[in-house]
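Below is one structure, written out as structure tokens; comments come after it.
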Amino acid sequence: MYTGEKGMEKNDMLELARETRKKIRKVFTDKVETITAYDIDDKLDHSTFKLNFAAYNYVWVEFDYENDWCEFFIVINEAYKQSLCNRTKFSEITDWDAYLTEIIKEIELRIPEKFLKAKGWL
């Protein structure tokens with residue numbers, strides 16, 4: 001698994017995508033269903049992957065990883081996505097539960113409260 005400049009191997013973006021998917025699923029629980037990994041590339045000088053999922057059955061969310069930098073987006077359409085957070089060093093995220101909880105809060109700000117209450121998420 002690659003975790004940035006801490007000396008870990010940089011040869012398995014698919015495994016890193018799987019581990020990240022598990023972290024998201026753990027914190028988002030029933031607020032997310034299928035998480036799809038794509039655009040996986042683990043060349044020596046360019047490591048990337050993306051995760052895509054529907055959150056709250058309401059918005060599409062994309063997680064982008066590139067060379068130890070990561071960011072979450074709400075996907076508006078094929079040409080536009082809105083950032084949910086500042087770009088972050090993947091290897092510097094020490095508390096994934098706290099980090100993802102903040103992402104959940106950002107997503108909830110973009111969903112009508114009436115919808116969240118009707119579905120039992122508030």
For this session: With the condition kept exactly as written, say whether any residue in the range 86-106 is exposed (fewer than 13 other Cβ atoms within 10 Å of the Cβ) and in contact with a strand residue (DSSP E or B) (Cβ under 6 Å, 6 or more places away or on another chain).
Result: yes
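Inspect the range 28-41 for any residue being in a helix (DSSP H, G or I), out of contact with any Cys (no Cβ under 9 Å at 6 or more places or on another chain) and open to solvent by less than 50 Å² (accessible area, probe 1.4 Å) and give the result as yes or no. Break it down stepwise before answering.
At the first step, the residues of the range 28-41 found to be in a helix (DSSP H, G or I) are 28-31.
Subset that is out of contact with any Cys (no Cβ under 9 Å at 6 or more places or on another chain): 28-31.
Within this subset, residues satisfying the condition of being open to solvent by less than 50 Å² (accessible area, probe 1.4 Å) are 28, 31.
Among the residues of the range 28-41, at least one is in a helix (DSSP H, G or I), out of contact with any Cys (no Cβ under 9 Å at 6 or more places or on another chain) and open to solvent by less than 50 Å² (accessible area, probe 1.4 Å), which makes the answer yes.
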For this session: From (1) at pLDDT below 95; (2) open to solvent by 50 Å² or more (accessible area, probe 1.4 Å); (3) not acidic (Asp, Glu), pick out the condition that doesn't hold for Lys50.
Result: (1)
Seminar exercise, completed: Going through the range 75-85 in order, the residues found to be hydroxyl-bearing (Ser, Thr, Tyr) and surrounded by 11 or more Cβ atoms within 10 Å (Cβ to Cβ) are Ser83
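The values are calculated or read from the model by the stated rules, or taken from the named source; none is laboratory data. None of the values given here were measured: they were computed from a predicted structure. Quick reminder, even Gly has a Cβ in these numbers, built from the backbone with ideal geometry, and neighbours come from all protein chains shown. The area values use the complete protein model at the heavy-atom level, side chains included, leaving out ligands, DNA and RNA. Shrake-Rupley method; radii C 1.70, N 1.55, O 1.52, S 1.80 Å.
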